[in-house]
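Below is one structure, written out as structure tokens; comments come after it.
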Amino acid sequence: MTTVSGLVVAHNEEAQLAECLASLKFVDELVVVLDKCTDNSKKIAQKFKAKIIEGSWAIEGERRNIGLAACTKDWTLELDADERVTKDLANEILGVIKTSSFGYHKIPVDNYVGKRLVKHGWGGSFGKPKYAGLFKSNSKTWGNQRVHPSVKFTGNEGPELTHAIIHYVDRNLSDMVRRLDSYSTARAPD
């Protein structure tokens with residue numbers, strides 16, 4: 001039987017974490033990395049019986065790699081706390097990992113600002129259209145950048161999945177501008 005780990009890296013995500021973890025109920029193992037959390041994120045992760053890793057990392061790639069190292073199943077599905085897996089996507093993932101000989105698969109993403117799906121225009125460019133979120137364990141390594149680190153894979157890319165991850169990028173346009181500002185500030189030292 002082929003197994004899958006679910007990995008979520010979070011910083012003070014109590015408003016989003018429970019829904020994210022609930023959407024991962026189909027995985028065989030749940031790993032949550034809590035980075036400098038001062039809210040109730042740990043209590044939420046405990047309710048879902050997740051393997052919890054706590055710490056403080058200045059480099060995003062470091063904390064993500066620590067989470068990857070803690071995943072012990074055949075495949076890993078990596079999400080952020082503001083993302084959700086639909087039932088259709090969960091079923092597709094379980095089917096893909098049973099037969100795939102590839103190292104990783106990209107997953108399409110539906111990006112939402114508030115309750116609005118944004119695919120085009122200025123707001124559409126700040127989400128991600130797809131990403132390599134499903135991969136064989138030990139095949140992905142994150143780089144040493146503070147924000148949006150580079151990534152390296154071993155193995156070949158397989159076909160893109162058809163069902164999308166739901167990504168709640170921002171609550172509104174003001175949040176989007178604040179996030180962009182925080183990214184540029186963090187990226188400057190790199």
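The values are calculated or read from the model by the stated rules, or taken from the named source; none is laboratory data. From a predicted model like this one, the values you see are computed outputs, not experimental measurements. Heads up, the Cβs are rebuilt from the backbone with ideal geometry, glycines too, and the neighbour counts pull from every protein chain shown. Please note that ligands, DNA and RNA were not included when accessible areas were found on the heavy atoms of the full protein model with its side chains. Shrake-Rupley method; radii C 1.70, N 1.55, O 1.52, S 1.80 Å.
Through the Karplus equation 6.51 cos²θ - 1.76 cosθ + 1.60, θ set to phi - 60°, convert the phi angles of the stretch 148-163 into ³J(HN,Hα) values in whole Hz; use x for Gly and Pro.
6, x, 5, 9, 10, 10, 9, x, 8, 6, x, x, 5, 5, 9, 8
Taking 0.36 nm per intervening residue step and subtracting the Cα-Cα distance, what contour gain separates THR162 from ASP88 on full extension? Don't skip to the end; give the middle numbers.
On the way: separation 74, 0.36 × 74 = 26.64 nm, distance 0.94 nm.
Answer, rounded to one decimal: 25.7 nm.
If you build the convex hull over the alpha carbons only and average its shadow over all orientations, what do you get for the stretch 1-51? Give it in nm² to one decimal. Provide the component values of the computation, followed by the final result.
Numbers: hull surface 12.8 nm².
Averaging across all directions leaves 3.2 nm² for the Cα convex hull.
At a probe radius of 1.4 Å, what is the per-residue accessible area of ASP35, in Å² to the nearest 10?
About 10 Å², ignoring ligands and nucleic acids.
Take the residue pairs LYS130/LYS152; LYS42/LYS128; LYS51/LYS98; LYS42/LYS115; LYS49/LYS136; LYS47/LYS136 and return only those whose Cα atoms are more than 18 Å apart.
Beyond 18 Å between Cα atoms: LYS42/LYS128; LYS51/LYS98; LYS42/LYS115; LYS49/LYS136; LYS47/LYS136.
Any idea how far the Cα center of the stretch 1-54 sits from the one of the stretch 58-93, in Å?
The stretch 1-54 and the stretch 58-93 have Cα centres spaced 10 Å from each other.
With every protein chain left in place, what is the accessible area of ILE66 in Å² (1.4 Å probe, nearest 10)?
Only protein atoms counted, so the area is about 70 Å².
Loop only by DSSP, 16 or fewer other Cβ within 10 Å of the Cβ. Give me the trypsin sites (Lys or Arg not before Pro) in the stretch 36-98 that pass, ordered by residue number.
For trypsin sites (Lys or Arg not before Pro) across the stretch 36-98 that sit outside H, G, I, E and B with at most 16 neighbouring Cβ atoms in 10 Å, the list reads LYS36, LYS49.
When the Kirkwood radius is taken over all Cα pairs of the stretch 68-107, what Stokes-Einstein diffusion coefficient follows at 25 °C and 0.890 mPa s, in µm²/s? Could you put the intermediate results ahead of the total?
Numbers: Rh = 11.5 Å.
Rounded to a whole number, D works out at 212 µm²/s.
Please list, in chain and number order, the residues 5+ apart from GLU29 or on another chain whose amide H is under 5 Å from its amide H, with Hs placed from the backbone.
For GLU29, the qualifying residues are VAL4, GLY6.
Top to bottom by accessible area (1.4 Å), largest first, where do THR99, THR76, THR141 land?
Values: THR99 115, THR76 5, THR141 75 Å².
So, going from the largest accessible area down, we get THR99, THR141, THR76.
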